[in-house]
Amino acid sequence: MALKIGPGRLGNLTLEQEAKLQELWTVTLRVFGVPPRLADTDGIGHVEGAEDSDAGKPAQDTPHDSSSAKKKGKRRIPLFGKKHQAEASTLESASSTPKNSDADDKYGQTKEFEQAIASLSPEDLRNAFWSMVKHDHPDNLLLRFLRARKWDVEKALVMLISTMHWRSQEMHVDDDVIKRGEGGAAEDAKSSDHGVKKEGEDFLAQVKLGKSYLHGIDKEGRPMCFVRVRLHKAGEQSEASLERYTVYVIETARLVLSPPVDTAVRSTLELA
């Protein structure tokens, strides 16, 4: 039996949602350093300030602007076109700060966005993005952020870039947690460094306890993650090892998703 594609997912998008997806791709690619292209007939994807002659050139200063470049650095081209400016506040450049309210930014994503733009090169950002995609469809990944931010392109971009920064620079999800996995924790548990040894032992302890595990799918085809809460003792493992273990379980669940399913389901077991 074919699984139903949920609303706002690839293959079940309204025309307005398709336009939002295209717009998010446009601004995301600009952050990634991809040269601007001509706008389409609807204006979607237009990059304000981009000249036709710049279509095949990197977004950087031309020779005659070299003097001003020393003072201002790289030339910044606004991410959003006039069409979006009429609908919402804009990002005036790849390094500008979006105007999110405290309620919209309770996790400090705007700060993460600023740090990512300031510290990572376009190539670093591209690599972080493709590491995050894994076997997922790139459109599906962007759609997750659009749905999470209620189809606000600017907020979705901030959330996307801040997430990439956290994954690649803080948590090292793809180049450490998932790449090294349980084997890496076993190596750490034998380390002569007490801190590294403790983190490795704590991670392995949670795995061996079977504190959580993936097993089967529900009627909607979603992988089921069972959490045995009685096995968790507060303070028994460090906060860092708990975070690492949680990320490991979530990312493992992502790897077993089968389209059109794009979420897993959690079941809490009190007595198992």
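Out of the range 141-227, which GluC sites (Glu not before Pro) are coil in DSSP terms and have no more than 12 other C-beta atoms within 10 Å?
Details: sites: Glu154, Glu170, Glu182, Glu187, Glu199, Glu201, Glu220; in loops: Glu220.
Here the sparse-neighbourhood loop sites are Glu220.
What residues from the range 207-223 fall in the zone where the backbone N is under 15 Å from a label point 7 Å along the Cα-to-C-beta line of Lys233? Answer for this model: 207-211.
Holding the Cα-Cα limit at 32 Å, pick out from Lys197/Lys219; Lys190/Lys219; Lys111/Lys179; Lys155/Lys208; Lys150/Lys211; Lys4/Lys150 the pairs that are longer than that.
Values: Lys197/Lys219 42 Å; Lys190/Lys219 43 Å; Lys111/Lys179 27 Å; Lys155/Lys208 40 Å; Lys150/Lys211 34 Å; Lys4/Lys150 21 Å.
Violating the 32 Å Cα-Cα cut-off are Lys197/Lys219; Lys190/Lys219; Lys155/Lys208; Lys150/Lys211.
Restricting things to alpha carbons, find the Rg to Rh ratio for the range 131-272 using the Kirkwood radius for Rh.
Numbers: Rg = 16.7 Å, Rh = 16.7 Å.
With Rg and the Kirkwood Rh in hand, the quotient comes to 1.00.
The label-point distance for His137 and Ile217, in a model that sets each label 7 Å from Cα toward Cβ, rounds to 1.5 nm.
Since every read-out is calculated from the coordinates, none of them should be taken as a lab result. Since we're looking at a predicted model, the values are computed, not measured. Note that each Cβ is placed from the backbone with ideal geometry, even for glycine, and that neighbours are counted across all protein chains shown.
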